[in-house]
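Asks: This is the structure, below, for whatever I ask next.
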Amino acid sequence: MSDIKLGISPIGWSNDDLLELGGDTPLETFLKEAREIGFSGVELGNKFPKDKKDLKAVLQEYDLELAGGWFSGNLLVNSLMEEQEILAREIERRLYNNCTNIVYAECSNTIQGKSIPLSQKPILDIDSMKRYAESYSKLHEFAKKEGVTLAYHHHMGAIIQTSFEVDSFLQYASNEAGLTFDSGHFAFSGADPVYELEKHIGRVYHVHFKDIREQVLKECLSEDSPFLDSVLKGVYTTPGDGVLDFKSITEILKKENYKGWIIIEAEQDPRVANPYEYSKRAFSYITDFLKDC
């Protein structure tokens, strides 16, 4: 697996948006178990040290690489200069820890953390989408000059959620702007992740693998549940435990010579779905597909 690395997100151990899910789980538990399972890298979560030196020390203690992590963007409300200044501080922390990837997610008007049905998510008209994509392109270029790649995260409840919105965003953004491909968010939004990956593979900079429980998804859609309510109901699970076709997804990544991280993740209640056990099974499941990389 020289070109593709397998990492893990802490979200199954402790959820940053639902603090009742693993809020009392120490960061050290996640890091220890991630290393024991065999993952070589981890994404960030709120329990990680904010200081760049402290972050490096804890990663080195568990012999783990920094594989990326979420950045809450506010480009819809901040000026480009304001967003660059905020992003620059995070770029410094990432580069100090040998990480050249940032998962950028627009959060200024998202409903993902609110008790609002997903049918009421914000929608940009075409002119607003063009302006947003143009501003983001400038931010992407700024980050590139600083030494990192922004990988835009489409997300349930956000302005870039559906396949149409992803297509529009990429159409109006610069050719170098690309995605964090997330199998679970594509599937939840009604898209076929295999088809979407085939369509956008040339602009995929980072990958999130999470699975879907089909029956729970149907219930959440029929009830028009808010995003976090859907998480609590168990809409997401780790790869191999749901219905998504990760063999085909992985084959596309291999065929197109994807170079970078695949991050295993699933927003679940750790009291119901033991994160160590679920992640260990997912590690074995995906590793089998990556053996000849």
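The values are calculated or read from the model by the stated rules, or taken from the named source; none is laboratory data. This one's a predicted model, so the numbers in the text were calculated from it and none came from an experiment. Using ideal geometry, Cβ is built from the backbone for each residue, glycine included, and neighbour counts are taken over all protein chains shown. These area figures cover heavy atoms from the full protein model, side chains too; ligands, DNA and RNA do not enter into them. Shrake-Rupley method; radii C 1.70, N 1.55, O 1.52, S 1.80 Å.
Asks: Which aspartates and glutamates have a Cα lying under 18 Å from the Cα of LYS32, excluding residues fewer than 8 positions away in the same chain?
Replies: Straight-line reach from LYS32, under 18 Å: ASP24, GLU43, ASP54, GLU61, ASP63, GLU65, GLU265, GLU277.
Asks: Compactness ratio of the stretch 202-255: Cα Rg over 2.2 N^0.38 Å, N = residue count?
Replies: 1.33
Asks: Shifting gears a bit: What distance in nm lies between label points placed 7 Å from Cα along the C-beta direction at LYS114 and SER222?
Replies: 2.8 nm
Asks: Still on this model: Sequence neighbours fewer than 8 away in the same chain don't count; with that in mind, list the aspartates and glutamates whose C-alpha is under 17 Å from LYS218.
Replies: In chain and number order, the partners are ASP192, ASP229, ASP241.
Asks: Would you kindly calculate the mean projected area, averaged across all directions, of the convex hull enclosing the Cα atoms of the stretch 239-293, in square nanometres?
Replies: Quarter of the Cα hull surface area: 4.0 nm².
Asks: Give me the percent of Cα-Cα pairs in the stretch 78-119 that sit more than 13 Å apart, rounded to a whole number.
Replies: Beyond 13 Å sits 66 percent of the P(r) for the stretch 78-119.
Asks: With a point put 7 Å past each Cα toward its Cβ, work out how far LYS52 is from LYS144 in nm, to one decimal.
Replies: Once both label points are built, they end up 2.3 nm from each other.
Asks: I need the shape label for the stretch 94-142. Rule: rounded when a/c is under 1.5, else prolate if a/b > b/c, else oblate, with a, b, c from the alpha carbon gyration tensor.
Replies: Here the stretch 94-142 falls in the oblate category.
Asks: How large is Rg/Rh for the stretch 38-92, to two decimals, with Cα atoms and a Kirkwood Rh?
Replies: My calculation puts Rg/Rh at 1.06.
Asks: What FRET efficiency would be calculated for the residue pair GLN215, SER79, taking the C-beta separation as r and a Förster radius of 41 Å, to the nearest 0.05?
Replies: Efficiency, from the Cβ-Cβ distance: 0.35.
Asks: Still on this structure, I have one more. In a GNM of the chain with a 10 Å cut-off on Cα contacts, which of GLY69, GLY190, GLY45 has the highest mean-square fluctuation?
Replies: Ranking GLY69, GLY190, GLY45 by mean-square fluctuation puts GLY190 first.
Asks: Okay, next question. For LYS291, give me every one of the lysines with a C-alpha distance below 19 angstrom, ignoring sequence neighbours fewer than eight places off in its own chain.
Replies: LYS5, LYS247, LYS254, LYS255, LYS259, LYS280
Asks: OK, next. With a probe of 1.4 Å, find how much accessible area the stretch 1-149 has per residue, and write the answer as a whole number in Å².
Replies: 48 Å²
Asks: Before rounding to the nearest 500, sum -39500 (n - 2.57) across all DSSP H runs of length at least 4 in the chain and divide by the residue total; then give [θ] at 222 nm in deg cm²/dmol.
Replies: Mean residue ellipticity, 222 nm, calculated: -13000 deg cm²/dmol.
Asks: Go ahead and set up a Gaussian network model of the chain, Cα springs under 10 Å, then flag whichever of ASP241, ASP51, ASP224 fluctuates most.
Replies: ASP51
Asks: Let me see the pair-distance distribution of the chain: every alpha carbon pair, 10 Å bin width, integer percents in order.
Replies: Calculated P(r), rounded to whole percents: 6, 29, 38, 23, 3.
Asks: Using the charge dipole of the stretch 122-227 (Lys, Arg: +1 at Cβ; Asp, Glu: -1 at Cβ; taken about the Cα centre), state which of VAL148, PRO122, PHE181 has its Cα farthest towards the positive end.
Replies: Projecting each Cα onto the dipole axis, the largest value belongs to VAL148.
Asks: Using the crude model of +1 on Lys and Arg Cβ and -1 on Asp and Glu Cβ, and no other charge, please compute the dipole size for the stretch 91-173 relative to its Cα centre, in debye to 20.
Replies: 240 debye
Asks: From the C-alpha gyration tensor of the stretch 30-174, pull out the three semi-axes of the equivalent ellipsoid (sqrt of 5λ each), sorted largest to smallest, in whole Å.
Replies: 29, 18, 13
Asks: May I pose another question? What's the longest bit of the chain with no exposed trypsin sites (Lys or Arg not before Pro), using DSSP loop states and at most 14 other Cβ atoms within 10 Å as the test?
Replies: With a cap of 14 other Cβ atoms within 10 Å, the longest stretch comes to 115-258.
Asks: If you don't mind, there's one more thing I want to ask. When the C-alpha atoms of the stretch 138-293 are aligned to their principal axes, what extent does each axis show, in angstrom, from largest down?
Replies: Per principal axis, max minus min of the Cα coordinates gives 44, 39, 27 Å.
Asks: Ok, one more. Could I get the Rg over Rh figure for the stretch 1-45? Both from C-alpha atoms, Rh via Kirkwood, rounded to two places.
Replies: Using only Cα positions, Rg/Rh for the stretch 1-45 is 1.03.
Asks: Can you give me the distance in nm between label points at ILE86 and SER284, each placed 7 Å from the Cα along the Cα-to-Cβ direction?
Replies: Between ILE86 and SER284, the simple spin-label model gives 4.3 nm.
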